[in-house]
Amino acid sequence: MPVGVFFEELAALPLSQIIGESLNLFNALDVIHVVGVLLLAGSIAVVDLRLLGFAFPEVGLDTLQKQVLPITVVGALLTIPSGIGLFLPQAGRIWENPVLQAKAGLLILAALNIGYWHYNFSRHAQWSSAPALPWQARFAGASSLLLWTGTLIAGRLIAFYI
C-alpha cells in the first residue's frame with residue numbers, strides 16, 4: 001500500500017472524522033498536547049541542564065532522574081495520544097509536510113540520544129555524584145536540548161505549512 005493511501009485511510013477513520021468535525025474536541029486535544037509537551041520537555045530540560053553543569057550540581061544524577069521521571073512519563077502519556085489525535089483528521093493532507101517530517105526526524109534523533117545517554121550512564125555509576133561531568137554527558141545534554149528545542153519549534157510551525 002502506498003504511503004499516501006495509508007495516511008488518507010487514517011484520515012477517513014470514524015475517530016478521525018469525529019475529531020476533525022468537533023472544534024471542542026480538537027481544541028481539547030490541543031490543550032492536552034501543550035500541557036503534555038510542557039511537562040515532557042520541562043522535565044527533560046532539568047536533567048539536560050544538570051548534565052551541562054548549569055543546574056543542581058549538588059543533586060546526584062540518579063536522584064534527579066528518579067525525581068523527574070514521573071513528570072516525564074505523565075508528559076509522554078499526554079503528548080503521544082493527543083498528538084496522534086491532532087494528526088489523524090489531517091493525516092491525508094499533511095503527511096508530506098516537510099515541517100512534520102522534520103519533527104518526526106528530530107523525535108527519532110532525540111529518542112536515540114536518550115538511548116545513548118542511558119547506555120553511557122549505566123556504565124559509569126560514578127557520574128551520578130560528579131558535579132562536573134565528562135564530555136559524553138555534556139554532549140548528551142546539549143544534544144537533547146537542541147533536539148527537543150527543534151522538535152518544539154517544528155511542532156509549532158506545522159500549522160503554518162499545511
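Bear in mind these aren't lab numbers, they're just calculated from the coordinates by the rules spelled out. Bear in mind the structure is a predicted one, so any value in this text is a computation, not a measurement. Cβ placement follows ideal geometry from the backbone for every residue including glycine, while neighbour counts extend to all protein chains displayed.
Can you compute the charge dipole magnitude of the chain about its Cα centre, using +1 on each Lys and Arg Cβ and -1 on each Asp and Glu Cβ, nothing else charged? Give it in debye, rounded to the nearest 20.
Magnitude of the dipole: close to 420 debye.
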If you bin every alpha carbon distance in the chain into 5 Å steps from zero, what whole percent lands in each bin?
-> 2, 9, 15, 19, 17, 12, 9, 7, 6, 4, 1
Where only C-alpha atoms are counted, convex hull volume of segment 121-162 per residue in Å³ | 82
For segment 25-98, max minus min Cα coordinate along each principal axis, in Å, sorted largest first?
-> 49, 25, 15
So what are segment 87-153's ellipsoid semi-axes, whole angstrom, largest first, if each one is the square root of 5 times an eigenvalue of the alpha-carbon gyration tensor?
-> 33, 11, 8
What order, most packed first, do the peptides 107-117, 33-43, 18-28 have when packing is the mean number of other Cβ atoms within 10 Å of each residue?
-> 33-43, 107-117, 18-28
To the nearest 10 degrees, how steeply does helix 61-87 sit against the main Cα axis of the chain, on a 0 to 90 scale?
-> 10
Rounded to the nearest Å, the spacing of the alpha-carbon centers of segment 1-27 and segment 98-162 is 30
222 nm [θ] for the chain, helices only, -39500 (n - 2.57) per DSSP H run of 4+, per residue, to 500?
-> -26500 deg cm²/dmol
